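Heads up: the structure comes next, in C-alpha cells.
The values are calculated or read from the model by the stated rules, or taken from the named source; none is laboratory data. None of these values were measured; they are calculated from a predicted model. Neighbour counts run over all protein chains shown; Cβ positions are idealised from the backbone, glycine included.
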Amino acid sequence: MTASLKAKIIKVCNEKITAKGEQVGVSFYAFFENKNSNPDLLMEAATWWIKEHQLDHFEKAVKIRDLVNGITTK
C-alpha cells in the first residue's frame with residue numbers, strides 16, 4: 001500500500017474516532033469521494049481490504065487504523 005493511502009486511511013480513521021468514538025465503523029469507501037476519480041487507488045484499497053485481509057464490508061475504524069500501522073488487533 002502506498003504511503004499516501006496509508007496516511008489518508010489513518011487520518012480518516014482518526015477523524016471518525018474523534019467525532020463518533022472508538023466503536024465507529026468504516027468501509028474502504030470512507031477514504032474516497034462519492035465519485036470514482038481515482039480507480040487505481042480505489043482498487044488498491046479494495047485489494048488490501050478484501051483480498052489481503054479478508055475484512056467485512058464494515059470494520060471498526062480503530063481496527064483499520066491499527067492494521068495500517070502494523071499493530072496486531074484482537
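A compact table of results
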quantity	calculated
Cβ pairs under 6 Å, 6+ apart, first in segment 52-74 and closer than 14 Å to Glu22 by Cα, second modelled with pLDDT of 95 or more and assigned to a loop (DSSP other than H, G, I, E, B)	Ala61/Val24; Val62/Glu22
Long-range neighbours under 7 Å by Cβ, at least six apart or interchain, first residue touching a residue at least 24 places away in the same chain (Cβ under 8 Å) within segment 14-26, second among the small types (Gly, Ala, Ser) and part of a helix (DSSP H, G or I)	Lys16/Ala61; Ile17/Ala61; Val24/Ala61; Gly25/Ala61; Val26/Ala61
Qualifying positions in segment 1-40 - among the aliphatic types (A, V, I, L, M), surrounded by 10 or more Cβ atoms within 10 Å (Cβ to Cβ) and modelled with pLDDT of 90 or more	Leu5, Ala7, Ile9, Ile10, Val12, Ile17, Val24, Val26, Ala30
